[in-house]
Amino acid sequence: MTGLMMDDLRDLYQEVILDHGKNPRNFRHPEDSNREARGDNPMCGDKVTVYLKVSPDGIVEDAAFEGRGCAISTASASMMTELVAGRTEAEVKALFERFHEMCTKDDHEHVHGGDVDEEALDRLQVLAGVRQFPMRVKCATLAWHTLDAALAGGARASARASTE
Amino acid sequence: MNEITKVRQGFDSGTATGYDVEEVRKDFPILSRTIYDKPLVYLDSAASAQKPRRVIDAMVSCMTEEYSNVHRGVHWLSATATTRFEAARKTVQRFINAREDREIVFTRSATEAINLVASSWGRTNLREGDEIVISHMEHHANIVPWQMLRTERGIVLKIVPIDEAGTLMMDEYEKLLGPKTKLVAISHMSNALGTINPVKDIVRIAHGKGIPVLIDGCQGVTHLGVDVQDLDADFYVFSGHKLYGPTGIGVLYGKAEILEGMPPYQGGGDMIARVTFEETTFKGIPHRFEAGTPAIVEVIGLGAALEYLMDLGLDRIAAHERDLLAYATAQLSEIPGLRIYGTSPDKASILSFTLGDAHPHDIGTIVDRAGVAVRAGHHCAQPLMDFYNVPATARASFALYNTFDEVDALAASLRRVREIFG
């Protein structure tokens, strides 16, 4: 990135995001997944399918995704699959809520606290740049809403992009 | 001399048949504002065009001087508002050269106009197995109402294919027309590609087989103008806000003899001659299709917009936009990795493109920070995006007020996208 780049754009398109956007992790359809959901962003036509393998005692053992989207939504989905694997459904849910707040609210407005892996949240901070780009919030949260639908809906579910 | 310089020189030296665009820009107050401290470069007029002072003034004047409900009151204001309202209908008639003003039905939007035809004409005339022919480049508004009718009536939709350049395959079109074809519904000009369809030929061929034709003129009427008598289309629809007029107002043109055979679309006030609890006698056209209080101020605004366009001259506007498109096409083609969708030899005012691996949404955000407004998305033409196997494109659309410098600003901001995405 050159010095010509405006600061807020540099905030949005950090190297980590560009890297995950170009080389998404866990971009696959696992054969042994037992939960999935499809998410659509009607504004741009982007779509994502999230696949989860959830153990009987509620641990997300594997998370993966397929689909196509912008750098922000692809990076968000990629990082999400890395961060939720190995966590309980409750932990995933809490992480989603905090991440959602991070993308939509200023710091002092955070209402959810408590049992969230702060290190995971720190890693997701690179996506918080969308706060300055309200039209892009749904890009960052699409995969997460879809994950939420997959957890809530069981084997097949669908999600729409949040308009928040 | 390279292509770009040639095109620009042609423009600058006055060989173009356009006009003094800087003078014209003064008519549009919003064009002098800044976005992120940069001059606004508005290249999204295909989604919605900016409004000239004349439209704004007409609407303000309507509300401050002459506002009342129309067709109802005996008082001076109502009579005056009604006169202005119906004068705007005559302006629309003149703008598209309809035979009579009663062939002009005011709707909420072009979408509502198509829905009106689908509901009223479609439900009356279509039976299970009947076929409607649309094209692969249609806007969702000219797909979904027919799909809803398909669900309700069991009709069949046939799709005219396009080639890689985004040109309608006319041979295939002709082959699709059969004894079961009851309607052809095709856009005048693609909002996502800029392709201009040979609508006159489309109508002639369909009429040769006794099939009526609806033309979606949302883009076509804006950039090319239309003479509905010359075109001989049975229905022609368009919206006000893409024509430099207000939102919330659309037009359904229909041949009087066809409209007269259609039942009302919605029931309510101002569309009846007489109501008793036993029966209702409906008014004639066009009022039969205009239930409820219409968009009075918006109709006045639309009339002002059309007067403005006619004064400026549709030929001159088209010439100006043609120069801009040629220049922009040459400029953007120089950017490595940029691919243009829609390269039909007959196209206007729209450049749809992708740039390397950058998603159109990312392109849109980055150029926006330079003050450049483009559309990034599927343009409500998802089947067309599927045809090109892209989720979306970025789209720059050019209007009567855009300049060569603005094209340069777009190109510069796109080079910035390449800096980020490599």
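Every number in this text was worked out from the coordinates using simple rules, so none of it is lab data. Note that the coordinates shown come from a computational prediction; the quantities given were computed from them, not determined experimentally. Neighbour counts are summed over all protein chains in view; Cβ atoms, including those assigned to glycine, are modelled from backbone coordinates with ideal geometry.
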Lys, Arg +1 and Asp, Glu -1 on Cβ, resulting dipole of the protein assembly as shown about Cα centre, debye, nearest 20: 1340 debye
Mean projected area in nm² (Cα convex hull; one quarter of hull surface) for the protein assembly as shown: 31.8 nm²
Gyration tensor verdict on the stretch B:22-167 (Cα atoms; rounded if a/c is under 1.5, prolate if a/b is larger than b/c, oblate otherwise): oblate
Bridge type composition, the stretch B:122-234 - antiparallel percent by DSSP, nearest 5: 15 percent
Neighbour-count ranking [beta-carbon atoms within 10 angstrom, fewest first] of A:R123, A:R131: A:R123, A:R131
Total charge dipole magnitude, the stretch A:8-73, about the Cα centre, Cβ charges on Lys, Arg, Asp, Glu only, Debye to nearest 20: 200 debye
Two-decimal Rg to Rh for the stretch B:260-304 - Kirkwood Rh, Cα set: 1.07
Förster radius 56 Å - calculated FRET efficiency between B:A273 and A:D19 (Cβ-Cβ, nearest 0.05): 0.20
Per-selection Rg to Rh, the stretch B:266-422 - Cα, Kirkwood hydrodynamic radius: 1.18
Estimated inter-spin distance, A:D11 and A:D106, nm [label 7 Å along Cα→Cβ]: 1.2 nm
Helical segments meeting 18 Å axial Cα length and Kyte-Doolittle -0.5 threshold in chain B (DSSP H): B:76-96, B:296-312, B:314-333, B:404-421
Average silhouette area of the stretch B:139-186, convex hull of alpha-carbon atoms, in square nanometres: 3.7 nm²
Charge dipole (debye, nearest 20) of the stretch B:191-343; +1 at Cβ of Lys and Arg, -1 at Cβ of Asp and Glu: 300 debye
Peptide-level mean, for A:126-135, of C-beta atoms on other protein chains within 10 Å: 1
Sites B:S61 and A:D57 - FRET efficiency at Förster radius 51 Å, r taken between beta-carbons, to 0.05: 0.10
Nonlocal amide H pairs with A:D46, under 5 Å, H built at 1.01 Å: A:N41
CD proxy at 222 nm, helix term only [per DSSP H run n ≥ 4: -39500 (n - 2.57); per residue of the protein assembly as shown; nearest 500]: -12000 deg cm²/dmol
Percent of beta bridges antiparallel (DSSP, the protein assembly as shown, rounded to nearest 5): 65 percent
Intensity falloff of the stretch B:72-137 expressed as log10 I(q)/I(0), Debye formula with alpha-carbon point scatterers, at q = 0.13, 0.17, 0.20, 0.24 Å⁻¹: -0.58, -0.83, -0.97, -1.08
Of the GluC sites (Glu not before Pro) in the stretch B:164-216, those whose Cβ has at most 14 other Cβ within 10 Å and which sit in DSSP loop: B:E164
Approximate spin-label separation B:D386-B:E419, in nm, with each point projected 7 Å along Cα-to-Cβ: 4.0 nm
Unsatisfied cross-links (Cα-Cα over 20 Å) in the set A:K105/A:K138; A:K22/A:K47; B:K182/B:K209; B:K182/B:K347: B:K182/B:K347
Zone of B:I159's modelled label, taken as backbone nitrogen in the stretch B:377-418 under 19 Å from a point 7 Å along Cα→Cβ: B:378-393
Spin-label model distance (nm) - B:M169 vs B:R72, 7 Å beyond Cα toward Cβ: 5.3 nm
Positive-end residue, the protein assembly as shown charge dipole about Cα centroid, Cβ charges, pick of B:P360, B:I134, B:T195: B:I134
Directionally averaged projected area (convex hull, Cα atoms, chain B), nm²: 22.1 nm²
B:Q266 long-range amide H proximity, modeled H, under 5 Å: B:A291
Translational diffusion coefficient (Stokes-Einstein; Kirkwood radius from C-alpha pairs) of the stretch B:201-348 at 20 °C, 1.002 mPa s, in µm²/s: 116 µm²/s
Diffusion coefficient, µm² s⁻¹, Stokes-Einstein with Kirkwood Rh over alpha-carbon pairs of the stretch B:357-406 at 10 °C and 1.306 mPa s: 134 µm²/s
